[in-house]
Amino acid sequence: MSYVVTDDGIKLYYEVTGSGTDLVFVHEFGGDYRSWEPQVRHFARRYRCITFNARGWPPSDVPTEVSSYSQMRAVKDILCVMDAVGSKKAHVAGLSMGGFASLHLGLNYPERTLSICVAGCGYGAEPEKRAQFRKENENSAAVLFEQGMDAFVEKYSKGPTRVQYENKDPRGFEEFKQMFKEHSALGSGNTQLGVQRERPSLYELKDQFEKMTVPTLIVNGDEDWPCLLPGLLMKQSIPSAALVVLPNVGHTINLEAADAFNRELGDFIGWVDSGRWPQRDPRAMVTSITGMSK
């Protein structure tokens, strides 16, 4: 088992599979390094795939204080893992919580990223939903601390953007739930309070998005409701961004629609590696509808 110790003394578990250009996967709140298995099996044939467990997800350490968890701490943890495996620059793909971390990595450390894939990213970002989202984070933490992982997962996994996976692939969904229940209630609750509740809204980052040049792929399911409008915001604001919306898909994109996700990610990385990924032509962003305004 491989571990790296972060600059604040937290051990993070990681795995490396395959060889080639580096491809880092950053998991969602409900997943862990194992939930990237369909991607590792596919991409490790051509890339060096790096997966890891976030702080709070055993066998990584579980800090007891909420202050040890934050959005920027999650970004620095990605860099710690990259440093541990000698990766100076990598393609980085993240889902949901991992998508936010990957996005902030691209914003703050573009020199370490060949590209970023931001999947299922947007929960709580809309200004009118901020207060509701923060309250739901606090409710989640309370259930985790008071009732434990099993009770929390049974409620959380029935959410409006998870039922699509259950309906489509009952066996896969049950496997996902069982792995989810193995997580730490303390680490998950602290993450709800320190990372999810406190991260900045994507709408507050628009000015920073407009200066981004890192090749960016935004991937959402069309029934992942909290991500649809934030996905459009990122597409419109990031000059190097493309947006893919997968049909009849919820939040657990990489598992629910693994083949489609792998295809889109593989095509994207291929374009980047060839040096042909575009920056948006400014002529595409004028206010005219047809180009015939006076």
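With labels modelled as points extended 7 Å from the Cα through the Cβ direction, what inter-label distance (nm, one decimal) is found for residue 204 paired with residue 83?
2.6
Skipping prolines and chain starts, which residues have an amide H placed within reach, meaning under 5 Å, of the one on residue 243, given they are 5 or more residues away or on another chain?
It is 218, by chain and number.
Please list the non-local residues whose amide H lies under 5 Å from the amide H of residue 60, H modeled 1.01 Å from N, same-chain partners needing a gap of 5 or more.
13
Among 50-63, 1-14, how do they line up by average Cβ neighbours within 10 Å per residue, starting with the highest?
On the way: 50-63: 22.4, 1-14: 15.1.
Most protected by this proxy first, the peptides run 50-63, 1-14.
Using R₀ = 35 Å, calculate the FRET efficiency as 1/(1 + (r/R₀)^6) where r is the Cβ-Cβ separation of residue 111 and residue 175; round to 0.05. Spell out each step's value before the answer.
Numbers: r = 38 Å, r/R0 = 1.08.
Once rounded, the FRET efficiency stands at 0.40.
What are the radius of gyration and Dmax of the range 150-227, computed over its Cα atoms and given in Å?
Cα only, the range 150-227: 16.1, 43 Å (Rg, Dmax).
Residue 147: net charge of surrounding residues, Cβ under 14 Å, Lys/Arg +1, Asp/Glu -1, itself excluded? Intermediate values should be presented prior to the final figure.
Numbers: positive: 155, 181; negative: 146, 150, 154.
Taking every Cβ under 14 Å from that of residue 147, the sum is -1.
As an exercise, identify the trypsin sites (Lys or Arg not before Pro) in the range 139-209 lying in DSSP coil whose Cβ has no more than 13 other Cβ atoms within 10 Å. Each step should come with its number before you reach the end.
On the way: sites: 155, 158, 162, 168, 171, 177, 181, 197, 206; in loops: 158, 162, 181, 197.
When the trypsin sites (Lys or Arg not before Pro) of the range 139-209 are filtered for loop state and at most 13 Cβ neighbours within 10 Å, 158 remain.
Can you compute log10 of I(q)/I(0) for the range 2-285 with the Debye formula, treating each Cα as one identical point scatterer, at q = 0.10, 0.15 Å⁻¹?
-0.47, -1.15
Do you know the relative contact order of the range 48-102, to the nearest whole percent, from alpha carbon pairs under 8 angstrom that are 6+ apart?
Working: 25 pairs, mean separation 14.4, N = 55.
That works out to 26 percent.
For the range 1-99, take every pair of Cα atoms, bin their distances at 5 Å starting from 0, and report each bin as a whole percent.
The distribution over the range 1-99 is 3, 14, 27, 27, 19, 7, 2, 1, given as percents.
Counting other C-beta atoms within 10 Å, and keeping those with at most 14, which DSSP coil chymotrypsin sites (Phe, Trp or Tyr not before Pro) do you find in the range 192-294?
Working: sites: 203, 209, 261, 268, 271; in loops: none.
Answer by residue number: there is no such site.
What lysines does residue 181 reach when the alpha-carbon gap must be under 22 Å and sequence neighbours fewer than 8 apart in one chain are set aside?
11, 155, 158, 168
Looking at the chain, do any whole DSSP H helices span at least 18 angstrom along their long axis by alpha carbon and average 0.5 or above on Kyte-Doolittle, and which?
On the way: long enough: 71-84 (20 Å, 0.55); 130-147 (25 Å, -1.07); 225-237 (19 Å, 0.53); 258-273 (22 Å, -0.13).
Correct list, ordered by number: 71-84, 225-237.
Find me the longest stretch of the chain that has none of the exposed GluC sites (Glu not before Pro), where exposed means in a DSSP loop (not H, G, I, E or B) with at most 14 other Cβ atoms within 10 Å.
Here the longest run is 66-181.
Compute the separation of the alpha-carbon centres of the range 158-201 and the range 213-229 and state it in Å as a whole number.
Taking the Cα centre of each part, the range 158-201 and the range 213-229 sit 18 Å apart.
Compute the relative contact order of the range 2-285 as a whole-number percentage, counting only Cα pairs closer than 8 Å that sit 6 or more residues apart in sequence.
On the way: 548 pairs, mean separation 55.1, N = 284.
Relative contact order comes out at 19 percent.
Just want to confirm a number: the relative contact order over the range 173-277, from Cα pairs under 8 angstrom separated by 6+ residues, in percent.
On the way: 96 pairs, mean separation 23.6, N = 105.
Relative contact order, the range 173-277: 22 percent.
Leaving out same-chain residues fewer than 8 places away, which lysines sit with a Cα under 27 Å from that of residue 206?
76, 89, 129, 135, 235
Taking the Cβ of residue 291 as the centre, find all other residues whose Cβ is under 13 Å away and add up their charges (Lys, Arg: +1; Asp, Glu: -1). Could you put the intermediate results ahead of the total?
Values: positive: 283, 294; negative: 281.
Once positives and negatives cancel, what remains is +1.
Can you tell me the length gained on complete extension of the stretch residue 145 to residue 283, counting 0.36 nm per residue apart and subtracting the Cα distance? The partial results should precede the final answer.
Numbers: separation 138, 0.36 × 138 = 49.68 nm, distance 5.22 nm.
Full-extension gain reported as 44.5 nm.
About the Cα centre of the chain, how large is the charge dipole given +1 on each Lys and Arg Cβ and -1 on each Asp and Glu Cβ? Please answer in debye to the nearest 20. Intermediate results must be reported in sequence, preceding the final value.
Working: 33 positive and 37 negative charges, 153 e Å.
Here the chain has a charge dipole of around 740 debye.
Each value in this text was obtained by applying a stated rule to the coordinates, not by laboratory testing. From a predicted model like this one, the values you see are computed outputs, not experimental measurements. Using ideal geometry, Cβ is built from the backbone for each residue, glycine included, and neighbour counts are taken over all protein chains shown.
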